[in-house]
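The values are calculated or read from the model by the stated rules, or taken from the named source; none is laboratory data. Just so it is clear, the model here is predicted, and its values are computed rather than measured. Because the Cβ atoms are built from the backbone with ideal geometry, glycine has one as well, and the counts that use them run over all protein chains shown. Just the protein is used for accessible areas: all its heavy atoms, side chains included, with ligands, DNA and RNA removed. Shrake-Rupley method; radii C 1.70, N 1.55, O 1.52, S 1.80 Å.
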Amino acid sequence: MTAASAVEAVYRIESARIIAGVARIVRDVGIAEELAQDALVAALEQWPESGVPDRPGAWLMATAKHRAIDLVRRKETYARKLAEVGRAAEDVAPPVEPADPDDIDDDLLRLIFTASHPVLSTQARIALTLKLLGGLTTEEIARAFLTAESTVAQRIVRAKRSLANAGVPFEVPYGADRAARLGSVLDVIYLIFNEGYSATAGDDLVRPALCEDALRLSRVLAGLMPGEPEVHGLNALLELQASRIPARTGPGGEPVLLADQTRTRWNRLLIRRGVEALHRAGGGPYGPYTLQAAIAACHAQAVRYEDTDWAMIAALYGQLAALTPSPVVELNRAVAVSMAEGPAAGLELVDALADEPALKDYHLLPSVRGDLLARLGRAEEARTEFERAASMARNARERDLLLERAARSGPETGR
């Protein structure tokens, strides 16, 4: 490995911690990222000649912190700023000494809460989190979400500016503020995973790299906040969902429905990790992510599709609907009820959602209805619903599957 490739590899791994450590000094994530980039440039200039240090991450951290302290000194009097940054200034010498790992974890937690601050739009929070904590480039984020690189770059710039203008403190909130902000953090990580697990648009059903980034973030957060049940609930959910990814697509990238998946392809290690995380979430009362994890565990622990405890899943969806009312949750509950009590019972619940504004352009509503009609032998109606769902689907793979199901339905080929 060349010195340049070593620099890039180390920076990708350590960038979040470096930015977090520097942000504690300068109190601005935008400036902190610039200083971390400066340290990267310094490494690219020096390592090819001097060789890669024994502790390259510590070298980058110390170099970035030195530059942060220099910046602080230039902006204000040295004595006044040292009093403000406190012990962070003690890291100034010698530059090769690593910082206290516990302090870095504290800084990383601050960075997670800052990047996911509710003052930012959801899209901005996702982009900034992936940039600062996921180590992704602007180009990689744009490619993952099928968005123009310039659009992503603008979101990130505006996000940093918004945080600075709003005076968002670089801190972990406490009490009611933490509960409110933690929800935002969990939502961002979940949305990143969900976009990778079932891509909204484009030619690929699954984008594993996004799932891996979200899963890594959830593991980091679980390690930093071991006393928060919903943190473990989210981690459990993502571990369990990620376990199915290898079986969700066929050789050509086509979707494979849950009933048709080869369960021996499910990752047993991830399932075990997910169940362990679910146990760490405690015995209740469950939050929304822990309830979803419990549902995922029901699927994961069924050896065959026919062994799935659909009655339990329907009950868990009922609890989730009571906790966080949502037409999408009700639609999922209808599917579970149809499996536990029969398609007619499920269709009754689905038809009750027909006028829900939130589901007006949601392709899974007619898709589910088509499936229930097919199971009831109403093939022509099912074909119409599958075609309607295909016309609404933005993901090419999902659209192809729905058109295939429509073609298989009809008066002559009813299922």
Considering residues of region 389-410 that are without any contact (Cβ under 8 Å) to a residue 40 or more places away in the chain, in contact with a Ser or Thr (Cβ under 9 Å, 6 or more places away or on another chain) and open to solvent by 60 Å² or more (accessible area, probe 1.4 Å) only, the residue nearest to residue 330 (Cα to Cα): 399
If you go through region 7-22, how many residues are open to solvent by 10 Å² or more (accessible area, probe 1.4 Å), among the aliphatic types (A, V, I, L, M), within 19 Å of residue 48 (Cα to Cα) and touching a helix residue (DSSP H, G or I) at 6+ places or on another chain (Cβ under 8 Å)? 1
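Can we say residue 366 is surrounded by 22 or more Cβ atoms within 10 Å (Cβ to Cβ) and over 21 Å from residue 291 (Cα atoms)? Outline the logic, then answer.
On the way: surrounded by 22 or more Cβ atoms within 10 Å (Cβ to Cβ): yes; over 21 Å from residue 291 (Cα atoms): yes.
Yes; evaluated as a whole, the condition is true for this residue.
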Of the residues in region 350-362, those that are open to solvent by 50 Å² or more (accessible area, probe 1.4 Å) and either under 27 Å from residue 284 (Cβ atoms) or assigned to a helix (DSSP H, G or I) (or both) come to 351, 357, 358
Going by what's in this entry, would residue 106 be described as at pLDDT 75 or above and surrounded by 14 or more Cβ atoms within 10 Å (Cβ to Cβ)? yes
Give the number of residues within region 213-250 that are assigned to a loop (DSSP other than H, G, I, E, B) and either within 19 Å of residue 198 (Cβ to Cβ) or aromatic (Phe, Trp, Tyr) (or both). 4
Modelled with pLDDT under 90 and either touching a strand residue (DSSP E or B) at 6+ places or on another chain (Cβ under 7 Å) or of a type in the set (Asp, Glu) (or both), is that true of residue 149? no
Give the residues of region 1-16 that are more than 19 Å from the chain's Cα centre (by Cα), in a helix (DSSP H, G or I) and not hydroxyl-bearing (Ser, Thr, Tyr), sorted by residue number. 3, 4, 6, 7, 8, 9, 10, 14
